[in-house]
Amino acid sequence: MVFHRLYHYNAAMADFQVFQPQTTYTGTPIQPLKKGLPKTTQSLCPECTQLIEARIFEENGKVVMEKTCETHGDFRDIVFSDVKLYLKMEDWTFGDNRGLDNPAVTTATNCPEDCGLCNLHTSHTGLANVDLTNRCNLTCPVCFANANAAGHLYEPDFETVRKMLQALRNQKPVPGRVVQFSGGEPTIYPRFLDVLRLAKEMGFSHIQAATNGLKFTDLEFTQQCKDAGLHTLYLQFDGVCDDIYKRTRGESLWEKKLKCIENVRKVGLKIVFVPTIVKGLNDHQIGDIVRLAIEYIDCTSGISFQPVAFTGRIAKHELEEKRFTLSDFAHAVEEQTGFARAQEDWFPLACVTPFSKLISAMKGEETTTLTCHPHCSLGTYFFVDQNRKATPATRFIDIGPMLQDMDLLARKAGKRRFQIFTKFEAWNSLRKHFHEERAPEGLTFAKFLQTLQGLTDKNYGRGAKEKEGFTYKTLMLAGMHFMDSYNYDVERVKRCVIHYAAPNGLIYPFCAYNSGPVYRERIEKEFSVPFREQEEFRRLSVKAKKDCGSCINEPELVG
């Protein structure tokens, strides 16, 4: 394989050689990530969604995107409020991946127009979404899925869901292994428990549900979900008081959220809090959400903060007032908790690729590698002791040098399977980056390695092993900023690792499915029926049951 050589010139990455593949598996050239400022990229006109060139540059310490559509004029948006953090995210990347060697679309030339995944895409699926329905038991003003306003019912039948899951498992060289059922509200899908069982049978190692949590206020239902194969709730969680929920979700939900958490704790599931953050609305509650997650550390595994994306038209002054960037999030955590420092403790999600490469080398097979764009996300890991004191991993681990060593170890191994003694030596070589005198109480280097194992393998991170204390309590704290047409960057779409499986057999990047070209709208219209037809179908089904006098199973809803 031929590689470009990239050199980094910040203090931590000076003289470290990163290998960058020249092509995807199907031979399409990969343009390496453009670093530094100013630079240009391909974006979209927010009015007509046509591809246009955008300029990204620094202005008064912020990172700004400007672009002009010949028809609709000029547009301007802030993509990062802290230029130093923006550039740091670029520094801590370790090269692109090579996409799929069996993409459904092999002749794509324009992203995001030729989508599905295609030969231009450089990442494989890290997390797959499967929408089970566009129905919901809430009517949230901030819902990007616009579940109840579409005027049609999207609800794929069970066999169609099977095909969507199979498309993910068929990916090569790395089959999809983490699936999240979403919607709408996925728990109201008529065969939700059957779908969980199906995903487990098909070999998905992590099964999640993106949910508002209302049905999990029922303890019996919560237990049934765990028994069927559910591992984690991605729980909609915008704040810690009803005032916030009335404004973001349209009703009081706080007590129901707490009930859901208690039931999850009782049955032994895990929760990731998912707050949608709107500047001036609930950004002041970021610290309270972090503290609550630490309080429930026995059942919370992370928080995924999501700055709101503007999927419709928005006035210029509103965009400026409500835009909340990832660097705003990092500073808010520092200001509201004091737990994590904005400049020192945050890294892009893509920085973990050396860890994945090392695991792949040890297993002798490729595993999921999160080679997303460095400006899609940032995060840190807290290690939480028995007294609920949270310490970022950066305080006792030399993160940068450790990742560099992991990358070199993985590269050295190539495709040769590690022998047992070699594996031990590889992990032990990382000991120099671990400073036990600064680590939380009870966290030894051996326990740290066990915790890494638990983070990648739920057989060690949950259940009996967790109760035995095999791993240390950790909390992932992350920000994931999905794009809208105002801040759209095609280079981010090409590297996306969060995908949607669709009933047409294709797989789409998150920010092509929900924004930009919005493939969601096209697909849901194609695989939907009008609500009025569905209501008539339900009425006739109920009448047939009464007339028959016996229990007739209602036919599955056809997507």
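FYI, it's all coordinate maths here, none of it is from the lab. Predicted model, so just to flag it, every value in this text is computed and none were measured. We place every Cβ from the backbone using ideal geometry, glycine too, and count neighbours over all the protein chains shown.
Structure notes:
- Taking the number of Cβ atoms within 10 Å of each Cβ as an exposure proxy, the fewest-first ranking of 159, 113 is 159, 113.
- Most positive-pole-ward Cα, 105, 79, 94, against dipole of region 73-115 from beta carbon charges: 94
- Taking 484, 96 and counting other C-beta atoms within 10 Å, the order from fewest to most: 484, 96
- Cα gyration tensor, region 236-353 - rounded (a/c under 1.5), prolate or oblate: oblate
- Difference of contour (0.36 nm per residue) and Cα-Cα distance, residue 62 to residue 436: 130.9 nm
- Extension gain, residue 428 to residue 109, is 110.3 nm, computed as 0.36 nm per intervening residue step minus the present C-alpha separation.
- Given 200/447; 172/200; 316/389; 163/473; 257/467, the pairs whose alpha carbons are separated by over 31 Å: 316/389; 163/473
- Dimensions (Å) - region 208-287, Cα atoms, principal axes, largest first: 41, 19, 18
- Region 243-320 and region 46-88 have their alpha-carbon centroids 28 Å apart.
- Farthest positive-ward along the chain dipole, Cα basis, beta-carbon charges - from 459, 33, 400: 459
- Cβ-placed point charges (K, R +1; D, E -1), dipole of the chain about Cα centre in debye, nearest 20: 1440 debye
- Neighbour counts of other Cβ atoms within 10 Å put 71, 300 in the fewest-to-most order 71, 300.
- A prolate overall shape is assigned to region 413-512, the ratio a/c of its alpha-carbon gyration tensor axes (a ≥ b ≥ c) being 1.5 or greater and a/b exceeding b/c.
- Label-point separation, residue 386 to residue 459 (7 Å along Cα→Cβ), nm: 3.0 nm
- In this structure, residue 365 and residue 219 have a Cβ-Cβ separation that, at R0 = 56 Å, corresponds to a calculated FRET efficiency of about 0.90.
- Cβ-defined net charge surrounding residue 131, 10 Å radius [Lys, Arg +1; Asp, Glu -1]: -1
- Among 426-438, 464-476, the order from most to least packed when residues are scored by Cβ within 10 Å on average: 464-476, 426-438
- Cβ-derived FRET efficiency at R0 35 Å, residue 166 paired with residue 256, nearest 0.05: 0.50
- Centre separation in Å (Cα based) which lies between region 479-513 and region 448-472: 32 Å
- Neighbour cut-off at most 13 other Cβ (10 Å), DSSP loop, chymotrypsin sites (Phe, Trp or Tyr not before Pro), region 25-128: none
- On the beta carbon distance between residue 411 and residue 102, with R0 = 25 Å, the FRET formula returns roughly 0.45.
- Tail fraction, Cα-Cα pairs, region 328-389, threshold 17 Å, whole percent: 54 percent
- Structure-based [θ]222 nm, the chain - -39500 (n - 2.57) summed over DSSP H runs of at least 4, per residue, nearest 500: -9500 deg cm²/dmol
- For region 32-103, a/c is not less than 1.5, where a ≥ b ≥ c are the root eigenvalues of the C-alpha gyration tensor, and a/b does not top b/c. That puts it in the oblate class.
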